[in-house]
Amino acid sequence: MQSGRGPARSRHPRSARAIPITTEEPNLNASAQLAAAVVPAAGRGERLGPGAPKALRELGGVPLLVHAVRALARSRAVGLVVVCAPPDGVAGVVSLLDSHGLDGKDVRVVPGGASRQESVRLGLAAVPAGTRVVLVHDAARPLVPVEVVDAVAAAVRAGAEAVVPAVPLADTVKRVEPQPSGPEPVLDTPDRSTLRAVQTPQGFDLPALVAAHGKALAEGAEVTDDAGLIERFGGRVVVVPGHEEAFKVTRPLDLVLAEAVLARRRATDGY
């Protein structure tokens, strides 16, 4: 497990389980254009309730962040995972990931920022030059199946500039005029067949995403996801099928559902 600050490439001594120390940058794309994955995990996630930062809340006795990193590490398409930790918690996150046996994949921990967007930008700076495909994954989506990770990476390798996994909406959606209090007037009812609920990991051509983040920083623009940055600056985003188990753990009820999904997986396939 490595920690780093920005684009620094130095390696530091680790535990006896560590990969042998080297001063050379591993060529992650030498054989199969392996993707790098960035996991922003510096936020607190207040909607999940008081306590530890959301990424460190436990699911089945294991922090959400560890589940999310494992989900990415299971993919043969991913060669590197960069975790963006709270700036004052880098050492703790390194220790946490080391303690859960994640040395089999190249995992680096860097300080994140005050916002998700800033954390992703800082994580991208730690991705080795020459990497073509980068995935951005929410730590709060701990149960994304490896098939979704593979499909997103494959679509970028096939030439897509930006790829998002998504699922059809089950509920009818109303567009409303927001009100500070009281009933909100309905403006219209969008055609549900044209709508999708977007998940992660989202996949990108790395230079395109780095350029979009640079433009956003210069303009002070903020969006809710990285695909939104690509859209904002004229890029093309495509959708691949997501999975119902790749939901985001945001509220206490989501954690209850995630515990049920995890229990079923452990009972049926030794997850």
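The values are calculated or read from the model by the stated rules, or taken from the named source; none is laboratory data. Please read all numbers here as calculations on a predicted model, not as lab measurements. Every residue, glycine as well, gets a Cβ built from its backbone with ideal geometry; the counts of neighbours run over all protein chains shown. These area figures cover heavy atoms from the full protein model, side chains too; ligands, DNA and RNA do not enter into them. Shrake-Rupley method; radii C 1.70, N 1.55, O 1.52, S 1.80 Å.
Amide H contacts of residue 82 (H built 1.01 Å from N, in plane; Pro and chain starts excluded): 37, 38, 39, 108 sit under 5 Å, all sequence-distant by 5 or more or on other chains. Of all DSSP bridge pairs formed entirely within segment 158-271, close to 60 percent run antiparallel. The phi-based Karplus calculation (6.51 cos²θ - 1.76 cosθ + 1.60; θ = phi - 60°) puts the 3J(HN,Hα) values of segment 180-197 at x, 6, x, x, 10, x, 7, 8, 6, 10, x, 5, 4, 5, 9, 9, 9, 8 Hz, whole numbers, x for Gly and Pro. Under 5 Å between amide hydrogens, built in the peptide plane, is the criterion, and for residue 166 it picks out 199, 240, 242 among residues at least 5 positions away or on other chains. Residue-wise HN-Hα couplings along segment 162-167, as the Karplus relation 6.51 cos²θ - 1.76 cosθ + 1.60 with θ = phi - 60° gives them from phi, are 8, 9, 10, x, 7, 10 Hz; Gly and Pro carry x. Dipole size of segment 94-246 about its Cα centre, with +1 on Lys/Arg Cβ and -1 on Asp/Glu Cβ: approximately 320 debye, rounded to the nearest 20.
Quick check: at a probe of 1.4 Å, how many percent of the accessible area of segment 113-271 sits on carbon and sulfur atoms? With neighbouring chains kept in place, the figure for segment 113-271 is 55 percent.
Taking the DSSP beta bridges in segment 57-202 as the whole, what percent of them are antiparallel, to the nearest 5? That works out to approximately 55 percent antiparallel. Phi-derived couplings, Karplus 6.51 cos²θ - 1.76 cosθ + 1.60 at θ = phi - 60°, listed residue by residue for segment 220-230: x, 7, 10, 10, 8, 8, 6, 4, x, 5, 4 Hz, with x used for Gly and Pro. Taking only the Cα atoms of segment 129-245, the ratio Rg/Rh comes out at 1.03, with Rh defined as the Kirkwood radius.
For segment 144-246, the solvent-accessible area of protein heavy atoms averages 55 Å² per residue (probe radius 1.4 Å; ligands and nucleic acids excluded). Three principal axis extents describe the C-alpha atoms of segment 108-190; from largest down they are 51, 31, 25 Å. For residue 112, the residues 5 or more places off, or on other chains, whose built amide H falls under 5 Å of its own are 85. Modelled spin-label separation between residue 184 and residue 91, with each label point placed 7 Å from Cα along the Cα-to-Cβ direction: 4.5 nm.
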